[in-house]
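Data first, discussion second: the structure below is written as structure tokens.
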Amino acid sequence: MTPSDGELIAMVIAGKDQRAFSSLVSRHQSAVRAVLMRLCRNAALADDLAQETFIKAYNKMSAYTGAGTFKAWLCRIAYTEFLMSARKRKAIDKTMEKLKAQPMETHQAPADGGARVDLDRGLATLGEEERTCVILCYASGLSHSDAAEVTGLPLGTVKSHVNRGKAKLKAWFERKEAAA
Amino acid sequence: MTDDLDPMNDDAFDAELSAMFAEVAPPQEDPVFVEQVNKRLANPDRMRFLALGGAGATGSAVAGTQLENLVGLIPADQVNGVLGQALGFFGPEAIVTALFGVMALGFAWVLPGMRSAI
């Protein structure tokens, strides 16, 4: 039987069990990386922040109280990492310039390129908080209340950000289709 | 605003948006990423250890030079107990060397334990 998140977390806390932690990484990496990729709009930077997120989670595992889902807890660490990295704007801009000169990520199929660019362009038209709430709910599948936990915004605000963001995205995609 | 949207259309777009995010999401299974995290856990930041160790050693050296002066000021014949006997028997240089040894052992004990704090 596959152990639950709770069982794996208990194994990590009890004995720093790295195999149990690897299972947690394997289970949640996609959601964490999806959020960071959309927030950063840069796969290499997002993966670096995702690795940092999991290392912080491993070291602070005993701080996870079980209130809220483990995925939401990881996403909160990831969001904090993103905010911290955004503050180091100068360093990031330098990295972005370097990365622009390099070919894009190799693990993503070329067919995804158009969809990714469209989605990122659409998301770029949203306000910062709208964008964050939409990404948290759609990229990692968090509930509105989990997204409220992660961002520290009131639940009602998160709901209205998601609805407004979704409406703006719908209008953006409709305009894009009409123009095509 | 969503209030102005047709609920049926909104549901359709909701599914469409979820599909768009799913299309560009990283794979559900990615052993390469898991391996990278494991490697970083196994090899913590060496530069930080070197910086901490270097700062600690410099601090110990500075403290040690002062300690030797301080121990040298203590009149060995007027100190009773174990310290008095040690001063008389070994001299201040040997005592400072022993204290350095204790500090070095302390760093050796503390630094590996800091893996979990990084």
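Of everything in segment A:1-34 that is touching a helix residue (DSSP H, G or I) at 6+ places or on another chain (Cβ under 6 Å), of a type in the set (A, V, I, L, M, F, W, C) and under 18 Å from A:Ala63 (Cα atoms), the residue that is surrounded by the fewest Cβ atoms within 10 Å (Cβ to Cβ) is A:Ile13. Count of segment A:138-180 residues, restricted to those that are more than 22 Å from A:Arg33 (Cα to Cα) and touching a residue at least 60 places away in the same chain (Cβ under 8 Å), is 0. Can you work out which of the residues in segment A:137-169 that are of a type in the set (Ser, Thr, Tyr) and in a loop (DSSP other than H, G, I, E, B) is farthest from the other protein chains (Cβ to nearest Cβ)? In this case the residue turns out to be A:Ser143. The number of residues in segment A:67-84 being surrounded by 11 or more Cβ atoms within 10 Å (Cβ to Cβ) and modelled with pLDDT under 90 comes to 1.
Inspection of segment A:50-60 identifies at least one residue that is among the hydroxyl-bearing types (Ser, Thr, Tyr) and touching a helix residue (DSSP H, G or I) at 6+ places or on another chain (Cβ under 6 Å). Within segment A:35-66, the only residue that satisfies the criterion of being among the β-branched types (Val, Ile, Thr), surrounded by fewer than 21 Cβ atoms within 10 Å (Cβ to Cβ) and at the interface with chain B (Cβ under 10 Å from one of its Cβ atoms) is A:Ile55.
Quick check on my filter: what residues within segment A:170-180 are more than 12 Å from every other protein chain (Cβ to nearest Cβ) and basic (Lys, Arg)? If the condition is that a residue be more than 12 Å from every other protein chain (Cβ to nearest Cβ) and basic (Lys, Arg), then A:Arg175, A:Lys176 are the ones that fit. Comparison of B:Leu41, B:Leu17 shows that the only residue that is open to solvent by less than 70 Å² (accessible area, probe 1.4 Å), under 30 Å from A:Gly165 (Cα atoms) and either at pLDDT 75 or above or within 14 Å of chain A (Cβ to nearest Cβ) (or both) is B:Leu17.
The values are calculated or read from the model by the stated rules, or taken from the named source; none is laboratory data. This one's a predicted model, so the numbers in the text were calculated from it and none came from an experiment. Glycine gets a Cβ as well: all are built from the backbone with ideal geometry, and neighbour counts include every protein chain shown. Heads up: the accessible areas ignore ligands, DNA and RNA and are worked out on the full protein's heavy atoms, side chains in. Shrake-Rupley method; radii C 1.70, N 1.55, O 1.52, S 1.80 Å.
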